[in-house]
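K.L.:
Just dropping this structure here.
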Amino acid sequence: MTDKPATDDVRDQLPPVSTAAEVTRFAGTATQAAAGVGRFLLSSAGQLRHGRLPGKRDVAHQIRLTFENLGPTYVKLGQLIASSPGVFTKELSDEFESLLDRVPPAPADDVHRILESEFGKPASEVFATFDDEPIASASIAQVHTATLKSGEEVVVKVQRPGIAGRLSPDVAILERVAGLAEISEYGRMLSARHVVEDFADGLNAELDFRNEAKTMEEWFDCLQPGPFGDRVRVPKVYHDLTTQRVMTMERIYATRIDDARAVRAAGHDGEALCRNLLLSLLDSAFHGGLFHGDLHAGNVLVDADGKLVLLDFGIVGRFNARTRRILRQLVVDLIVKQDYEAAGRGIFLLGAVHKPGSTVKGGEDLKKATMPLSTTEMGAMSYTDLGRQLAAVAKAHDARLPRELVLVGKQLLYVEKYMKLLAPRWKAISDREIYGYMAGIMKEAERDRRADRRAGNGPAAGTE
């Protein structure tokens, strides 16, 4: 269904895990979780003594501390919570924002050891200046500012020491948990085991920064033939100063997209920013076949000219030609034509439905679940309720979402947050430019159908 990253030098970065290591890590995870519960109970007891009940923010704070103490794997999972207030509570989302790029950094001495190991000489011989205090620190790496000997300002992304060995036992545990999760209908719908497999594959690619550098440039290039290429940018990569564990890029001064006050103070149009982010996501997925798979707020910035700056291409999604054709038709059937029976057939072609049944009944169920998309303002839409409705449809038809569709869904949750922050009254579906883009997708879908009929093939049978 999907293509693997087009890199020849990808090798497994996550080392094998022994049973003893997995058991040890599981015990440590359970201990940290129990410690988190203990901290919450102690905190609650103290508040009760002062006549105050623990609130949602107290609970969220203890959960965030537990995730942070559990280490980088759980920090990455926490990033989804931070950018998905439509699914998780506002208290959780607000609390977890610190995990996007404010994780406690590695010691400066460890950073310098990695730099010297990768470059073969000390940082002082590579850079004119290097700031030991990182400007961002996340689960896999941290980012430092520096100046090249030639005078250019750069940022240097340095992998955390020993990170691969720390991630491997967690991934093994998550694989076992995912197997248990698929006992439930919701776990089967999300293809929990496949999600964890993709998570592990993504980590393997993410742990070699040369893959990220290539992918970032590939994504930017895939948008250039279309109308949205001049609305986005990525940092220039200095390939001679980029290795498996270090990546050097130009420094771009920009504002995080979720800093609504700063974005408005700079005079940027919130609707335009959300429109450009959504269109670049759609166009890269539908036409380029490659989309950014981690659009949390730390990775989406706005520069002085109002261009979107996308960072951190360690996680991306890929669609092959056949899948792109099916998806184009599915979106047209679902959103433009509102032909829910045809949309049901498209989902079947994606291999997402495993329980044979009436496409008419499936279409009726899809209609009930998706009609709010075309009639509700972004600020008033409850994605939690919509998610419950779609889960009910999936349960009725034993639907398992393809892995890359789950990743796309995650990005749409991120985009939803920025819409609610910057353009709460904006109706994306009725936006003139987005409507025009979807009209173009509809023409392509009809052209594909005519080509299939002439060739005597079934729907969306083409491949690259």
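K.L.:
Which condition breaks for Asp230 when tested against (1) surrounded by 18 or more Cβ atoms within 10 Å (Cβ to Cβ); (2) assigned to a helix (DSSP H, G or I)?
P.N.:
Checking Asp230 against (1) surrounded by 18 or more Cβ atoms within 10 Å (Cβ to Cβ); (2) assigned to a helix (DSSP H, G or I), the one that fails is (1).
K.L.:
Checking the structure you have, find out if any residue of the stretch 257-266 is surrounded by 20 or more Cβ atoms within 10 Å (Cβ to Cβ) and more than 30 Å from Leu203 (Cβ to Cβ).
P.N.:
Within the stretch 257-266, one or more residues are surrounded by 20 or more Cβ atoms within 10 Å (Cβ to Cβ) and more than 30 Å from Leu203 (Cβ to Cβ).
K.L.:
Take the residues in the stretch 208-242 that are at pLDDT below 95 and touching a Leu at 6+ places or on another chain (Cβ under 7 Å); name whichever of them is farthest from Ser280 (Cα to Cα).
P.N.:
The residue in question is Cys222.
K.L.:
Right, here's the next one. Taking the stretch 402-426 only, how many residues are in contact with an Asp or Glu (Cβ under 6 Å, 6 or more places away or on another chain) and assigned to a loop (DSSP other than H, G, I, E, B)?
P.N.:
Residues meeting the conditions: 3.
K.L.:
Can you name every residue in the stretch 243-272 that is part of a helix (DSSP H, G or I), of a type in the set (A, V, I, L, M) and within 23 Å of the chain's Cα centre (by Cα)?
P.N.:
Answer for the stretch 243-272, where residues must be part of a helix (DSSP H, G or I), of a type in the set (A, V, I, L, M) and within 23 Å of the chain's Cα centre (by Cα): Ala260, Val263, Ala272.
K.L.:
Can you name the condition, by its number, that Asp131 falls short on among (1) under 28 Å from the mean Cα position of the chain (by Cα); (2) surrounded by fewer than 22 Cβ atoms within 10 Å (Cβ to Cβ)?
P.N.:
Among (1) under 28 Å from the mean Cα position of the chain (by Cα); (2) surrounded by fewer than 22 Cβ atoms within 10 Å (Cβ to Cβ), the lone unmet condition for Asp131 is (1).
K.L.:
In the list Gly462, Gly440, which residue meets the criterion of being at negative phi, at pLDDT 85 or above, of a type in the set (Gly, Ala, Ser) and over 23 Å from the mean Cα position of the chain (by Cα)?
P.N.:
Among Gly462, Gly440, only Gly440 is at negative phi, at pLDDT 85 or above, of a type in the set (Gly, Ala, Ser) and over 23 Å from the mean Cα position of the chain (by Cα).
K.L.:
When you scan the stretch 282-310, how many residues do you find that are part of a loop (DSSP other than H, G, I, E, B), in contact (Cβ under 8 Å) with a residue 12 or more places away in the chain and surrounded by fewer than 23 Cβ atoms within 10 Å (Cβ to Cβ)?
P.N.:
Residues that pass the stated criteria total 5.
The values are calculated or read from the model by the stated rules, or taken from the named source; none is laboratory data. Values in this document were obtained by computation on a predicted structure and should not be read as measured data. So basically every Cβ, Gly included, is an ideal-geometry build from the backbone, and we count neighbours across all protein chains shown.
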